[in-house]
1. Of the listed values (i) 29, 16, 12; (ii) 21, 18, 14; (iii) 33, 15, 12, identify the label whose number matches semi-axes √(5λ) of the Cα gyration tensor in Å calculated from this model.
2. Rounding to the nearest 10 and keeping the result within 0 to 90°, find how far the Cα-based axis of helix 7-23 lies from the longest principal axis of the chain.
3. How large is the helix-only mean residue ellipticity at 222 nm for the chain, computed as the sum of -39500 (n - 2.57) over DSSP H runs with n ≥ 4, divided by its residue count, in deg cm²/dmol to the nearest 500?
4. Can you give me the C-alpha center-to-center distance between segment 1-64 and segment 85-126, rounded to a whole angstrom?
5. How long is segment 8-71 along each principal axis, judged by its Cα atoms, biggest number first, in Å?
6. Would you order 96, 48 from fewest to most other beta-carbon atoms within 10 Å of each residue's own beta-carbon?
């Protein structure tokens with residue numbers, strides 16, 4: 001690790017992403033503050049590439065639920081030899097509250113392993129890739145017409 005590199009800068013990107021999903025306006029400024037222009041976000045059911053439309057992609061996915069709460073573990077961060085790339089891994093538990101009457105059970109929970117790559121840009125560290133591997137689920141997932 002080069003002097004000045006701080007793992008918390010990388011893990012803070014994931015923290016800001018998760019909190020943003022639950023509590024912020026997901027707009028272009030949100031996406032630009034977290035992701036590179038060529039960012040890739042992958043979920044088991046869909047993926048998005050590029051900064052354009054990334055905020056809308058997240059808004060659409062979250063609209064299937066009345067509310068969400070994403071809780072992440074501290075991220076494990078490993079810097080590349082060039083000092084301008086880092087790999088991160090963290091565990092995540094996501095709780096989704098269905099809209100009233102959308103499911104027999106009000107909550108859908110997912111345990112995932114989040115992995116990602118961050119790059120040092122002229123604007124600071126940004127996420128270049130973020131993917132989620134489902135480890136377990138509990139409750140009823142959204143119906144296909146609800147999932148976006």
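1. (i)
2. 20
3. -6000 deg cm²/dmol
4. 9
5. Principal extents (Cα only, largest first): 30, 24, 23 Å.
6. Taking fewest neighbouring Cβ atoms as first place, the list is 48, 96.
Any read-out appearing in this document is the output of simple, stated calculations on the displayed coordinates, not a laboratory observation. Only a predicted model underlies this, so the values are computations on that prediction, with no experimental measurement involved. Note that each Cβ is placed from the backbone with ideal geometry, even for glycine, and that neighbours are counted across all protein chains shown.
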